[in-house]
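The structure under discussion appears below in the form of structure tokens.
The values are calculated or read from the model by the stated rules, or taken from the named source; none is laboratory data. If you're wondering where the values come from, they're calculated on a predicted model, not measured in any experiment. Counting neighbours? That spans all protein chains shown, and the Cβs are built from the backbone with ideal geometry, glycine included.
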Amino acid sequence: MSKVLIIGAGGVGGVVTHKCAKLPEVFGEICLASRTPEKCEKIAARIDRPIRTARVNADNPEEVVSLVRDFGADLIINVALPYQDLSIMEACLETGVPYLDTANYEPPDEARFCYKWQWDYRERFREKGIMALLGCGFDPGVTNIFCAYAMKRYFDEIHYVDIMDCNAGSHGRAFATNFNPEINIREITQRGKFWENGEWKETEPLSIHKTFDFPEIGPREMYLMYHEELESLVKNINGLKRIRFWMTFSEEYLTHLGVLQNVGMTRIDPVNFEGHEIVPLKFLKAVLPEPSSLGETYTGKTNIGCMIEGVKDGRRRRIHIYNVCDHAECYREVKAQAISYTTGVPAMIGATLMLAGVWTGEGVFNVEEFDPDPFMEKLNIYGLPWVVKEIE
Ligand code: NDP
């Protein structure tokens, strides 16, 4: 039985806490900490076992260190924002406690995410003899594990990967984002990028799109974007010729986003407003619905997975490996929508594998570097069953 410290009490933090609470034999004690303690208390009140709550500003490693020591944590699950990744990793090094997150570091004043900042911690985690597991949500996370599983079970060589993220749900609001609005809008408005024949190719934001018929959902328009798992998968899949990431958006969503961009509301540089400096995107976040508040009215499904093509025993082969998740079912189970659910469940599973010593190592790792089998088994058990379809 271990003590887990969960940092971040948003949509994803709520799911991780609910799911960890259901496994008292693994997570003997749980502490949920965030910048706004009332959010932790609200989540804890919905769970039928004691959850300790705490206030922490995770931008400040010393605050995290003193909380880790006071609680006696065996593992930190970081589901706050990407801005806090490095300060929490510093606290892990100081206390000798392993680390897990679901999104790679991003500097607040530059809309650019990349693994370099966290990979640069490899040597220090190795020297300290502890493990950091990066990107253990759904995408990144399960999509990387789908690739590792395909490599292990279905292919001798993987040549083409298309990661496809479809949310066909409806929350009934005119415009809202399914995870933190600031991080989400920064990600979507940046230039597109994919990897082909050994080099990165850039595209205008959301300029390349096509229709795909998603199982259990139907045809949806999906847009090529850059996403962080491409960076690690390019390094970790041998023989790869091309990898791309696609996400579906409704026309209504794109129209709203276009207007917000055109009027300057997605800017991340400070502007002077009545004598105060404000960042327009941060202000926009403050007036948009919280991702954790969307679940109650959400209906419809997500389908996230990978279309993978390569060679097995000298023959070409293509598979589609995916999970379908239902927003309303997630809400019934853990009071959250499917995007928070599909992120929080893998984080909990990754934590169980680390604490059990099934996924073990010293240094900083991406999920596809480990044996995918135990993770894939647990996805079926804990609410994210997957399907493999051979495509002729
Ligand atoms: P939310 O905005 O709902 O929650 C973020 C939480 O982090 C809030 O409780 C917030 O507190 C807290 N927080 C922010 N800054 C600090 C700080 N300095 N110290 C302590 N706590 C802080 O976001 P989500 O739950 O939707 O997303 C959480 C994470 O999951 C993000 O990093 C996101 O990128 C990642 N994600 C990953 C996915 C994947 O598949 N890999 C998919 C979806 C999300 P406060 O309320 O006070 O602001």
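For residue 102, are the conditions met, namely being among the hydroxyl-bearing types (Ser, Thr, Tyr) and either within 26 Å of residue 235 (Cα to Cα) or within 11 Å of the ligand (Cβ to nearest atom) (or both)? Walk me through how you get there before you give the answer.
Details: among the hydroxyl-bearing types (Ser, Thr, Tyr): yes; either within 26 Å of residue 235 (Cα to Cα) or within 11 Å of the ligand (Cβ to nearest atom) (or both): yes.
Here the answer is yes, as residue 102 does meet what is asked.
Considering every residue within the range 11-26, establish whether at least one is under 18 Å from residue 292 (Cα atoms), assigned to a strand (DSSP E or B) and of a type outside the set (Phe, Trp, Tyr).
No: the range 11-26 contains no residue that is under 18 Å from residue 292 (Cα atoms), assigned to a strand (DSSP E or B) and of a type outside the set (Phe, Trp, Tyr).
Of all the residues that make up the range 270-300, how many are in contact (Cβ under 8 Å) with a residue 24 or more places away in the chain and either within 16 Å of the ligand (Cβ to nearest atom) or not hydroxyl-bearing (Ser, Thr, Tyr) (or both)?
Total meeting the criteria: 14.
Taking residue 310 as meeting all but one of (1) within 30 Å of residue 38 (Cα to Cα); (2) at pLDDT 95 or above; (3) of a type in the set (Gly, Ala, Ser), write down the number of the exception.
Unmet condition: (1).
For the range 18-28, give me the residue count where each residue is free of Cβ contacts under 8 Å to residues at least 60 places away in the same chain, surrounded by 15 or more Cβ atoms within 10 Å (Cβ to Cβ) and over 15 Å from residue 381 (Cα atoms).
Residues flagged as free of Cβ contacts under 8 Å to residues at least 60 places away in the same chain, surrounded by 15 or more Cβ atoms within 10 Å (Cβ to Cβ) and over 15 Å from residue 381 (Cα atoms) within the range 18-28 amount to 1.
Restricting attention to the range 204-231, report how many residues are within 19 Å of the chain's Cα centre (by Cα) and among the aromatic types (Phe, Trp, Tyr).
2
Would you please list the contacts, defined by Cβ atoms under 9 Å and residues six or more apart or on different chains, that run from a residue in the range 337-348 that is not assigned by TED's automatic domain parsing to the domain that holds residue 146 to a residue that is crowded, with 24+ Cβ neighbours inside 10 Å and of a type in the set (Asp, Glu)?
342/139; 343/139; 347/101
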